[in-house]
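S.K.: Encoded as structure tokens, here's the structure I'll be asking about.
The values are calculated or read from the model by the stated rules, or taken from the named source; none is laboratory data. Keep in mind that this is a model prediction, so the values were computed, not measured. Here the Cβ is made from the backbone with ideal geometry for all residues, glycine too, and neighbour counts use every protein chain on show. Remember, those area values only see protein heavy atoms, side chains included, never the ligands or the DNA or RNA. Shrake-Rupley method; radii C 1.70, N 1.55, O 1.52, S 1.80 Å.
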Amino acid sequence: MNPKQEIENQKQFIQKVKEINQGKNKTYAIFTMGCQLNENDSEKMSGMLEEMGYDKVEDLKEADVVVFNTCCVRENAEDKLFGKLGELKKIKEEKGTIIAIGGCMMQEKHITDKIKESYPFVDLLFGTHTLHKIPQDLYEVIVQKQKQEDIMDIDGKVYEGLPIKRESELKASVTIMNGCNNFCSYCIVPYVRGRERSRHPKDIIQEVEALAKKGYKEITLLGQNVNSYLREEREKHIPFETYQNVNSFATLLRAINKIDGIERIRFVSPHPKDFTEDVIEAIRECDKVCKLIHLPLQAGSTSVLKQMNRKYTKEQYLELVEKMKATIPHLTLSTDIIVGFPGETEEDFEETLDVVKKVGYEQVYMFIYSRRVGTPGDKMEHQIPEEIKHERFNRLKELVERNIYETNETYIGTKQRILVEGKSKTNAQMLTGRTDSNKVVVLEGNDEWIGQMLTVEITSQHMWYLKGEKVEK
Ligand code: 5AD
Ligand code: SF4
């Protein structure tokens, strides 16, 4: 079956499950781990489940169907999954909960083996290439009363037209490509998500146009390596259907920038080695593209970067940052950093601190290196002892927090454009919004402002948020 036929086939299973569920008030809950791509996948899972007649509940223990959407980038997610499964065992015995586990972890054989052995009550295992088959798999579980394992190793195709139930009515994520070809030596993603596959420009643009019509204001374009969008097609001369002259990430940004109603465009994650000039120009020229760029550093030492297979040096990274700062007015940066990669010496770690000081990031996502079975990093000598990893992590955290405090101070007295996103979760009298640089701003105001772009003056800073007041432009 080609992808289009496959989706039609799944829609028939959606109808079949819906008929079975009619009038039974069935519910589902999803537990999502990991990155924004996984969150977007969970929205697709929700879309399918809702069309099958399930209503969403937050508490896993209440639901008739529980879906875990797993991540395997770091070890702690595994402990979390097994803990939750342990909690559900008794509940399942009492009320017959259907338990499904999907996502990246399911592409790892040692994990699925462990689940089958230690948690045999799980009904359905599905992988990253079989998400679209949930309706059929669930149907089999319900009707045949048989456990299903639906995991494929081969690279998935691109499936369009799945229903989707989005978390927000204002901000939407749109996956533009799946998979990764980079094989950074610490990272499991290329093994569990397969090779890069770009969606057709037309499908992406039409999805964003439809979102704009529904009132969405902010779009985040997602991919493991967004700036290699359509690269395979260009380099290997693979024909693809062009649309509005889009043939690269830069031209995609330009096309989306033209869509009426959309106010902001963000994207994660680009790879520094692929940050070409045309993308920098597009960011500068497209007024809706936020000037906060997430530029994963991973490590500041050239020798660690080489071991990580990142394909840039410390100097090349810093040059890129300088070029971007010089070209794009009001540019801000965020990054990902791993501490304690095998062989990282004290001097190497200090190079990381040096880059953090030089660049002055708005936000740093910090990770302790986690050995992943099957990656080159796991087999390297000179693994770093846990206490040293933690000690370095804490030193980095201290520097990052000091930087954030100092950066926040520079916001006081400035005017910022914010998108008002809703009521504050901690104080219903207040509203929250975000700046272009993704800082949370809390302000007094009325509910009519929700969904609007406003200018505010920043009056004070509180580490994790700023306070502001609405002013005229
Ligand atoms: N250990 C720790 N952090 C990791 N990341 C990816 N793999 C690992 C690992 N094995 C981090 C990287 C990446 C982010 C999504 O997760 O910093 O950019
Ligand atoms: Fe992992 Fe590197 Fe690919 Fe990012 S670019 S998903 S860190 S292999």
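S.K.: Just for helices (runs of 4 or more DSSP H) wholly inside the stretch 224-337: which have at least 1 residues that are over 29 Å from residue 206 (Cα atoms) and away from ligand 1 (no atom under 16 Å from the Cβ)?
M.R.: Here the list reads 302-307, 314-327.
S.K.: Of the residues 238, 259, which single one is of a type in the set (A, V, I, L, M, F, W, C), on the phi < 0 side of the Ramachandran plot and buried (at least 16 other Cβ atoms within 10 Å of the Cβ)?
M.R.: Step by step, each of 238, 259 is checked, and only 259 is of a type in the set (A, V, I, L, M, F, W, C), on the phi < 0 side of the Ramachandran plot and buried (at least 16 other Cβ atoms within 10 Å of the Cβ).
S.K.: Within the stretch 50-57, identify whether any single residue is assigned to a strand (DSSP E or B), more than 30 Å from residue 266 (Cα to Cα) and away from ligand 1 (no atom under 16 Å from the Cβ), and answer yes or no.
M.R.: Scanning the stretch 50-57 turns up at least one residue that is assigned to a strand (DSSP E or B), more than 30 Å from residue 266 (Cα to Cα) and away from ligand 1 (no atom under 16 Å from the Cβ).
S.K.: While we're here: Taking the criterion of being among the acidic types (Asp, Glu), open to solvent by less than 30 Å² (accessible area, probe 1.4 Å) and in contact with a Lys or Arg (Cβ under 8 Å, 6 or more places away or on another chain), would at least one residue in the stretch 345-354 satisfy it?
M.R.: No, because not a single residue in the stretch 345-354 is among the acidic types (Asp, Glu), open to solvent by less than 30 Å² (accessible area, probe 1.4 Å) and in contact with a Lys or Arg (Cβ under 8 Å, 6 or more places away or on another chain).
S.K.: Restricting the search to the stretch 21-41, which residues are more than 16 Å from ligand 1 (Cβ to nearest atom) and touching a Lys or Arg at 6+ places or on another chain (Cβ under 9 Å)?
M.R.: Scanning the stretch 21-41 gives 27, 28, 29, 30, 31.
S.K.: Name the residues in the stretch 322-341 that are within 20 Å of residue 309 (Cα to Cα) and open to solvent by less than 10 Å² (accessible area, probe 1.4 Å), would you?
M.R.: 335, 337, 339, 340, 341
Results for (1) touching a helix residue (DSSP H, G or I) at 6+ places or on another chain (Cβ under 7 Å); (2) surrounded by 21 or more Cβ atoms within 10 Å (Cβ to Cβ), shown as yes or no for each residue.
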{"residue": "144", "(1), (2)": "no, no"}
{"residue": "151", "(1), (2)": "yes, no"}
{"residue": "164", "(1), (2)": "yes, no"}
{"residue": "182", "(1), (2)": "yes, no"}
{"residue": "201", "(1), (2)": "yes, yes"}
{"residue": "206", "(1), (2)": "no, no"}
{"residue": "228", "(1), (2)": "yes, yes"}
{"residue": "231", "(1), (2)": "no, no"}
{"residue": "242", "(1), (2)": "yes, no"}
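S.K.: Same structure, new question: Condition check: away from ligand 2 (no atom under 16 Å from the Cβ) and open to solvent by 10 Å² or more (accessible area, probe 1.4 Å). Does residue 31 satisfy that?
M.R.: Yes: the conditions hold for residue 31.
S.K.: Looking only at the stretch 318-355, count how many residues are under 28 Å from residue 287 (Cα atoms), touching a residue at least 40 places away in the same chain (Cβ under 8 Å) and in contact with a Leu (Cβ under 6 Å, 6 or more places away or on another chain).
M.R.: Final tally of qualifying residues: 4.
S.K.: Within the stretch 96-103, does at least one residue satisfy the condition of being within 16 Å of ligand 1 (Cβ to nearest atom), in a helix (DSSP H, G or I) and in contact (Cβ under 8 Å) with a residue 40 or more places away in the chain?
M.R.: no
S.K.: Can you name the condition, by its number, that residue 361 falls short on among (1) farther than 22 Å from residue 293 by Cβ; (2) away from ligand 2 (no atom under 16 Å from the Cβ); (3) assigned to a loop (DSSP other than H, G, I, E, B)?
M.R.: Residue 361 satisfies every listed condition except (1).
S.K.: Let me ask another. Can you confirm whether residue 4 is surrounded by 13 or more Cβ atoms within 10 Å (Cβ to Cβ), assigned to a helix (DSSP H, G or I) and either of a type in the set (Lys, Arg) or out of contact with any Ser or Thr (no Cβ under 8 Å at 6 or more places or on another chain) (or both)?
M.R.: no
S.K.: Could you pull out the residue among 122, 158 that is within 27 Å of residue 75 (Cα to Cα), assigned to a loop (DSSP other than H, G, I, E, B) and not assigned by TED's automatic domain parsing to the domain that holds residue 238?
M.R.: After applying the criteria, what remains is 122.
S.K.: On the basis of being more than 23 Å from residue 167 (Cα to Cα), modelled with pLDDT of 95 or more and open to solvent by less than 60 Å² (accessible area, probe 1.4 Å), does residue 17 make the cut?
M.R.: For residue 17, the condition - more than 23 Å from residue 167 (Cα to Cα), modelled with pLDDT of 95 or more and open to solvent by less than 60 Å² (accessible area, probe 1.4 Å) - is met.
S.K.: How many residues does the stretch 87-113 contain that are farther than 18 Å from residue 38 by Cβ, open to solvent by less than 10 Å² (accessible area, probe 1.4 Å) and not aliphatic (A, V, I, L, M)?
M.R.: Of the residues in that region, 1 qualify.
S.K.: I've got another one for you. From the list 373, 356, which one is outside the structural domain of residue 269 (by TED's automatic domain parsing) and assigned to a helix (DSSP H, G or I)?
M.R.: Only one candidate passes the filter, namely 356.
S.K.: Further question: Being among the β-branched types (Val, Ile, Thr), open to solvent by less than 10 Å² (accessible area, probe 1.4 Å), under 21 Å from residue 378 (Cα atoms) and more than 12 Å from ligand 2 (Cβ to nearest atom) is true for just one of 304, 289. Which residue is that?
M.R.: From the options 304, 289, the qualifying one is 304.
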